[in-house]
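Taking it in order: structure first as structure tokens, then the write-up.
The values are calculated or read from the model by the stated rules, or taken from the named source; none is laboratory data. Here the structure is a predicted model, which means the values were calculated and not measured. Using ideal geometry, Cβ is built from the backbone for each residue, glycine included, and neighbour counts are taken over all protein chains shown. We work out accessible area using only protein heavy atoms, side chains counted, and drop any ligands, DNA or RNA first. Shrake-Rupley method; radii C 1.70, N 1.55, O 1.52, S 1.80 Å.
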Amino acid sequence: MAYSGGMDSHVLLHFLATHREQFPQKIQIVHVDHQLQSQSAHWAEHCRQVAASLHMPFHCLKVMVTDINQSGLESAARTARYQAIDQLINDDGVLLTGQHLQDQSETLMLQLLRGAGNRGLGAMKAISQWQNLQIVRPLLTISREALLEYATTHQLQWIEDPSNQNTQINRNFLRHQIWPLLQQRWPALNRNLARSANNLQESQILLDEIAQEDLNSVEADVIDGSLNITKLHMLSAPRQRNVLRFFIKQLNMVLPSRINLQRILTEVCQAAVDGQPQVSWSQYIARRYQNILYISTLTQHPLTVLSVNLIYDQQPILLDAERKIVWKALKGKGIRAELFRSGLALTFRQGGEKIQLSGKSHHQSLKKLFQEWQIPVWQRDSIPLLFASQQLVAIVGYACAETAKPLSDETGWLPVIEQT
Ligand SMILES: Nc1ncnc2c1ncn2[C@@H]1O[C@H](COP(=O)(O)OP(=O)(O)OP(=O)(O)O)[C@@H](O)[C@H]1O
């Protein structure tokens with residue numbers, strides 16, 4: 001469980017420690033030292049002592065908080081914290097955190113103030129996923145007053161982080177300046193707002209169910225990051241936006257702003273078929289090739305493979321951070337073993353390449369083949385090519401040459417691209 005040293009997570013820690021025999025899994029305590037304040041090492045020590053006094057296993061992880069400009073300090077610290085904890089927890093472990101009812105209602109209000117859509121307004125889920133990390137929030141329906149009562153009854157000693165008083169931070173401004181006033185008028189404020197968040201979470205489930213159906217109808221392919229634009233246009237405008245957002249989330253990408261989402265739908269999807277419109281956001285890009293919308297990560301094409309001069313065996317070859325070439329042994333197909341003896345050269349398109357494809361009697365230009373296979377223009381330069389004695393013998397992932405083929409009862413080697 002994530003223990004900041006603050007009151008809420010201290011209550012959770014104390015409850016878990018005093019009821020540990022009721023939990024089948026072993027509970028461990030993790031504190032993250034963000035190193036953002038001068039006292040942070042003292043807090044870490046305080047947390048270690050509290051955990052030791054309750055005989056709980058304790059880990060302290062030090063992190064560097066970066067990328068503050070884009071997301072704000074609170075969010076950058078959270079990302080660094082989750083990344084560090086994710087490294088610590090096993091695949092079957094879950095992380096318990098101490099957010100409570102007021103945290104939930106404040107989150108809803110903060111999302112409302114930034115003009116969030118349905119998903120953001122659903123605020124925090126009792127069980128959610130951050131990359132591979134499963135996060136459980138057992139206190140989400142419990143009021144801060146009830147937690148304070150527990151902490152006082154058990155004489156807990158917690159840390160008051162001075163930055164919690166800084167009303168330059170939006171959440172603190174709401175908490176200290178706005179909430180007391182609202183609560184005077186609406187004593188059930190937190191429960192009511194949390195109920196709204198729950199209702200919105202439920203609406204989101206329905207929207208996701210619709211998006212899931214629509215994903216099939218637009219022939220979305222998560223491996224390629226592609227979908228069919230004609231099919232997309234058969235949906236109503238809100239459904240187009242809904243399915244596109246859902247798809248981008250499935251690709252594990254940051255969602256574009258509403259404006260950029262709309263630009264994808266108008267500028268990219270409605271452009272002339274031969275146009276090359278694109279919209280980029282964060283490190284992602286949406287492009288169109290013919291009738292297909294492609295959404296991908298903007299990667300610099302690394303030419304590291306050029307350091308692999310010649311290939312003599314069927315070992316996997318690392319192309320870049322995401323791709324490798326592996327060899328599939330097949331009877332009568334691919335590249336015959338003998339060609340490896342003098343070495344295969346691996347490179348990318350330079351222009352003017354020709355190949356006689358397996359089963360064909362004539363040569364065709366690579367450019368024509370790429371067009372015929374409808375390979376998006378921007379992907380063409382990153383398709384690995386294999387040469388044997390200056391002759392193109394394989395367009396990796398697509399086809400091999402007739403001249404490289406083994407005899408029908410001989411084993412050949414088919415180069416295939418896999419994710420690393
Ligand atoms: N430095 C940290 N180390 C470990 N867990 C943390 C840390 N900061 C926050 N958390 C976890 O995230 C939850 C929410 O964080 P938030 O910043 O809202 O709380 P806090 O005011 O710092 O602490 P608390 O919620 O314990 O009073 C905490 O309850 C705790 O479980």
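Here is how the numbers come out for the structure above:
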| read-out | value |
| --- | --- |
| Percent of Cα-Cα distances greater than 15 Å, calculated over region 218-297 | 48 |
| Förster radius 35 Å - calculated FRET efficiency between Ile210 and Asn132 (Cβ-Cβ, nearest 0.05) | 0.85 |
| Label-zone membership for region 321-364, site Ser382, 7 angstrom Cα→C-beta point, backbone N under 13 Å | 321-324 |
| Probe 1.4 Å, protein heavy atoms only - accessible area per residue of region 304-419 in square angstrom | 55 |
| Within a Gaussian network of the chain (alpha carbon springs, distance under 10 Å), most fluctuating of Ser226, Ser408, Ser128 | Ser408 |
| MRE, 222 nm, helices only [DSSP H, n ≥ 4, -39500 (n - 2.57), over the chain, to nearest 500] | -10500 deg cm²/dmol |
| Cα pair count fraction exceeding 37 Å, expressed as % - the chain | 45 |
| Cα-based Rg and Dmax for region 304-419, where Dmax is the largest Cα-Cα distance (Å) | 13.3, 38 |
| For region 7-187, convex hull of alpha carbons as volume per residue, Å³ | 139 |
| Cα centroid of region 404-420 to Cα centroid of region 40-90, whole Å | 49 |
| Surrounding net charge for Arg137, when Lys and Arg each add one and Asp and Glu each subtract one, Cβ distance under 11 Å | -1 |
| Accessible area of the chain belonging to carbon and sulfur atoms, whole % at 1.4 Å probe | 50 |
